[in-house]
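To keep things clear, I will list the structure first and then write my remarks on it.
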Amino acid sequence: MFKKIMVPVDLAHIELIEPSLQAVADLARHYDAEVCYVGVTANTPGSVARTPQEYTQKLEAFAQERHRIHGQPVSTHTIVSPDPIADLDDDLIEAIDEVGADLVVMPTHPPKHLDVIMPSHGGKVATHTKASVFLVRPGAGK
């Protein structure tokens, strides 16, 4: 059913996205699908890497580490943005087509009243792409 699963990752907060990483590993094995780990970085030094090239190397190393866990083929896609926070939704939507993903697995937060004013990233991605979107809440599976 799914051939390529895209999962946005924040290399600075891996522990927070672990439930979505576990879900994508299970789905990839079940569907014998490739997993594409997508990371967004600024073109200026940040907490994870000083340059986009260094960020890309770290993202690739992360993907290879996850490959050892789930055994499915992996790829990476780095997005370099002048303002990763403001551009995140649009960058992820564009990346879905660029990598050819038919499923996106992404972490999300519990629903809040603020969602009426500021929708979640997953909600916006889901309404602007043809790919299926699977949102994983913190603490999922516990």
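The values are calculated or read from the model by the stated rules, or taken from the named source; none is laboratory data. For clarity, every value in this text was computed on a predicted model and none was experimentally measured. Cβ coordinates were reconstructed from backbone atoms using ideal geometry, including for glycine residues, and neighbour counts include every protein chain displayed. Remember, those area values only see protein heavy atoms, side chains included, never the ligands or the DNA or RNA. Shrake-Rupley method; radii C 1.70, N 1.55, O 1.52, S 1.80 Å.
Of everything listed in (1) at pLDDT below 95; (2) closer than 22 Å to LYS4 by Cβ; (3) surrounded by fewer than 14 Cβ atoms within 10 Å (Cβ to Cβ), the single unmet condition for PRO111 is (2). For the stretch 35-45, taking the residues that are in contact (Cβ under 8 Å) with a residue 24 or more places away in the chain and open to solvent by 20 Å² or more (accessible area, probe 1.4 Å), the one that is nearest to SER20 (Cα to Cα) is identified as VAL40.
Taking the criterion of being under 18 Å from ILE85 (Cα atoms) and touching a Gly at 6+ places or on another chain (Cβ under 9 Å), the residues of the stretch 14-55 that qualify are VAL48, TYR55.
The set of residues in the stretch 71-80 that are over 13 Å from PRO8 (Cβ atoms) and touching a strand residue (DSSP E or B) at 6+ places or on another chain (Cβ under 7 Å) comprises GLN72, PRO73, VAL74, SER75, VAL80. Residues that are hydrophobic (A, V, I, L, M, F, W, C) and closer than 21 Å to GLU34 by Cβ do not occur anywhere in the stretch 82-91.
Hey, can you tell me all the residues within the stretch 13-28 that are under 13 Å from the mean Cα position of the chain (by Cα) and surrounded by fewer than 20 Cβ atoms within 10 Å (Cβ to Cβ)? Hits for the stretch 13-28 are HIS13, ILE14, LEU16, GLU18, PRO19, GLN22.
Here ASP32 passes the criteria (1) at negative phi; (2) open to solvent by 10 Å² or more (accessible area, probe 1.4 Å) except the one numbered (1).
Yes or no: the stretch 73-82 includes at least one residue that is farther than 19 Å from LYS4 by Cβ and surrounded by fewer than 16 Cβ atoms within 10 Å (Cβ to Cβ). Among the residues of the stretch 73-82, at least one is farther than 19 Å from LYS4 by Cβ and surrounded by fewer than 16 Cβ atoms within 10 Å (Cβ to Cβ), which makes the answer yes. Put simply, of GLN53, GLN64, GLN57 the only residue that is open to solvent by 30 Å² or more (accessible area, probe 1.4 Å), within 11 Å of TYR37 (Cα to Cα) and free of Cβ contacts under 8 Å to residues at least 24 places away in the same chain is GLN64. In the stretch 114-130, of all residues being open to solvent by 80 Å² or more (accessible area, probe 1.4 Å) and assigned to a loop (DSSP other than H, G, I, E, B), the one that is modelled with the highest pLDDT corresponds to LYS130.
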